[in-house]
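Take a look at the structure below.
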Amino acid sequence: DAGVTQSPTHLIKTRGQQVTLRCSPKSGHDTVSWYQQALGQGPQFIFQYYEEEERQRGNFPDRFSGHQFPNYSSELNVNALLLGDSALYLCASRIFTGTGVGEQYFGPGTRLTVT
Amino acid sequence: DAKTTQPNSMESNEEEPVHLPCNHSTISGTDYIHWYRQLPSQGPEYVIHGLTSNVNNRMASLAIAEDRKSSTLILHRATLRDAAVYYCILRRRGSSNTGKLIFGQGTTLQVKP
């Protein structure tokens, strides 16, 4: 049983460009969250998708957007890239319980470098 | 979500028990205590969670103080593979809760051979 998978593994972009990161949740999971982790920091919550809708959003600008597909996979899009967007982007999946309690499974992340 | 406080770093010897503390003095009655760890170059990994009673699983044990203002993650026999950043996170139970995890700085555990 494959866990959470993310692509690509690494990515280098130039300031001002746009990027799309992809995530496939663990089999049987229907909820996907995205996190940004700067070097030496803990992950920061970006947003969460359930039933193809954004359900909760962290303190990130509108340049960060996402999408969830009917097969529960998800994309994270970042427009007008800034140097500060350089980070590890993590995807996490879980089964929606309505309580928010319980384990989430994380993927290995996509390392984005903006030059 | 309530705030947690953890030591920045701890050291342990291989094959010895490790007790990782977490303070959460403003915890509410519906806050669950979760622990995740992040090995180098990997995404975070769920370890354990609990509400009031101590919990055990194949990875670790969670000891929760009687007043719930602190908890301790116990690794019974540390291995080199347990070297990681350990995060203590509170999650409030409720229908409006959508699974957001608030990570702090965590505790960096070094395991010496």
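Considering only residues that are among the polar types (S, T, N, Q) and surrounded by fewer than 19 Cβ atoms within 10 Å (Cβ to Cβ), look in the stretch A:62-97 and name the one that is nearest to A:His10 (Cα to Cα). That would be A:Ser86.
Exactly one residue out of A:Gln56, A:Gln41, A:Gln48 is among the polar types (S, T, N, Q), assigned to a loop (DSSP other than H, G, I, E, B), free of Cβ contacts under 8 Å to residues at least 40 places away in the same chain and surrounded by 14 or more Cβ atoms within 10 Å (Cβ to Cβ), and it is A:Gln41. Among the residues making up the stretch B:61-99, those that are without any contact (Cβ under 8 Å) to a residue 12 or more places away in the chain and within 14 Å of chain A (Cβ to nearest Cβ) are B:Ser95, B:Ser96, B:Asn97, B:Thr98, B:Gly99. You will find that of B:Thr26, B:Thr72, B:Thr5, B:Thr79, the residue that is in contact with a Lys or Arg (Cβ under 8 Å, 6 or more places away or on another chain) and β-branched (Val, Ile, Thr) is B:Thr26 and no other. Checked against the criterion of being within 21 Å of B:Arg81 (Cβ to Cβ), of a type outside the set (Lys, Arg) and either within 14 Å of chain A (Cβ to nearest Cβ) or crowded, with 17+ Cβ neighbours inside 10 Å (or both), the candidates B:Tyr36, B:Tyr32 yield just one match: B:Tyr36.
The set of residues in the stretch A:5-58 that are hydroxyl-bearing (Ser, Thr, Tyr) and closer than 19 Å to A:Ala80 by Cα comprises A:Thr14, A:Thr20, A:Tyr35. Is it true that some residue in the stretch A:63-81 is farther than 20 Å from A:Thr5 by Cα, at the interface with another protein chain (Cβ under 9 Å from one of its Cβ atoms) and either without any contact (Cβ under 8 Å) to a residue 60 or more places away in the chain or touching a Pro at 6+ places or on another chain (Cβ under 6 Å) (or both)? There is no residue in the stretch A:63-81 that is farther than 20 Å from A:Thr5 by Cα, at the interface with another protein chain (Cβ under 9 Å from one of its Cβ atoms) and either without any contact (Cβ under 8 Å) to a residue 60 or more places away in the chain or touching a Pro at 6+ places or on another chain (Cβ under 6 Å) (or both).
When you scan the stretch B:45-113 for strands (runs of 3 or more DSSP E) that lie fully inside it, which ones turn up with 1 or more residues that are more than 27 Å from A:Arg55 (Cα to Cα), more than 13 Å from the chain's Cα centre (by Cα) and modelled with pLDDT of 95 or more? Give the steps one after another, and end with the answer.
Working: elements: B:45-50, B:61-64, B:70-75, B:84-92, B:107-112.
Qualifying strands (runs of 3 or more DSSP E): B:107-112.
Filtering the stretch A:22-38 to residues that are surrounded by fewer than 21 Cβ atoms within 10 Å (Cβ to Cβ), under 11 Å from A:Ser74 (Cα atoms) and not acidic (Asp, Glu) leaves only A:Arg22. Which residue is surrounded by the fewest Cβ atoms within 10 Å (Cβ to Cβ), if the candidates are limited to the stretch A:98-115 and must be out of contact with any Asp or Glu (no Cβ under 7 Å at 6 or more places or on another chain) and more than 8 Å from chain B (Cβ to nearest Cβ)? For the stretch A:98-115, the residue satisfying everything is A:Thr115.
Of all residues in the stretch B:25-44, which are modelled with pLDDT under 95 and either outside any loop (DSSP other than H, G, I, E, B) or within 12 Å of the chain's Cα centre (by Cα) (or both)? Within the stretch B:25-44, B:Asp31, B:Tyr32, B:Ile33, B:His34 meet the criteria.
The values are calculated or read from the model by the stated rules, or taken from the named source; none is laboratory data. If you're wondering where the values come from, they're calculated on a predicted model, not measured in any experiment. Using ideal geometry, Cβ is built from the backbone for each residue, glycine included, and neighbour counts are taken over all protein chains shown.
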